[in-house]
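The values are calculated or read from the model by the stated rules, or taken from the named source; none is laboratory data. Nothing here was measured: the structure is a model prediction, and the numbers come from that model. Cβ sites come from the backbone with ideal geometry, for glycine too, and all protein chains shown count toward neighbours. Quick note on the areas: whole protein, heavy atoms, side chains included, nothing else; ligands and nucleic acids left out. Shrake-Rupley method; radii C 1.70, N 1.55, O 1.52, S 1.80 Å.
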Amino acid sequence: MKTVLRTVAIGLTLALAVLSGTTAVSAQAGLLDAADESQDFPFPGADTIALHDGSDQYISYGASAHGRNVPYAVSGSGNVVGTSPVIAGDAMPAGGGAWVEDGSGIWTPGAWYQVKDGVGRYYLFYTATHRNDNGRKCIGVARSQNPFGPFNPESTPIVCPDKGDRWALDADVTQGPEGAICGATVSGPRAWSRRCR
């Protein structure tokens, strides 16, 4: 069973930071202080799913922080998801792909795992700044057979609003009726969009 947890408060804080023009990338590098409980979750905008590697653990992918594009942490066991203050690596060390503006951070990755034709793949749906587009935020997708990456991004975004100066933010993916894959995003200041296929 796919377990997905959304850290809403952290995600909203990150979205407000993005809208106010601040960057999600921190200059701080290295490990955090494990004794400081405020750092139990070392990166914002995270999504957590079960690892499908037989370890019975979970992986959390976060927004750009601590010198990493998509930092991740591994935690928990069995029915206990838990958290970890240790950033284990960068799932997308090469960044968000050809469509992403140089220096753009990656925001609010939404994680998904699917088996197709007998092959299991991990997907990250993420927000980044579109190249040469007045700061417009769009949603891309990257995939990997390894949950730790590197994830390979598509060369073009999958959602990029073309009305006015709207942005696409906060991709969330789930399984809908009859096995359809559904994705929801925020587009602009008030609109939600949802697609199933």
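With a Förster radius of 22 Å applied to the C-beta separation of Asp133 and Ala88, the computed FRET efficiency comes to 0.10.
In the stretch 52-136, the portion of solvent-accessible area held by carbon and sulfur atoms comes to 45 percent [1.4 Å probe, whole percent, DNA, RNA and ligands not counted].
Counting only protein heavy atoms and a 1.4 Å probe, the stretch 60-129 has 35 square angstrom of accessible area per residue.
For the stretch 83-146, the square roots of the Cα gyration tensor eigenvalues, ordered a ≥ b ≥ c, give a/c of at least 1.5 with a/b no greater than b/c, which places it in the oblate category.
Computed over neighbours whose Cβ is under 10 Å from that of Arg131, the net charge equals -2, Lys and Arg +1, Asp and Glu -1. Pop the C-beta distance of Lys116 and Asp162 into the FRET formula with R0 = 45 Å and round what comes out to the nearest 0.05. Step by step, r from the Cβ atoms, then E = 0.90.
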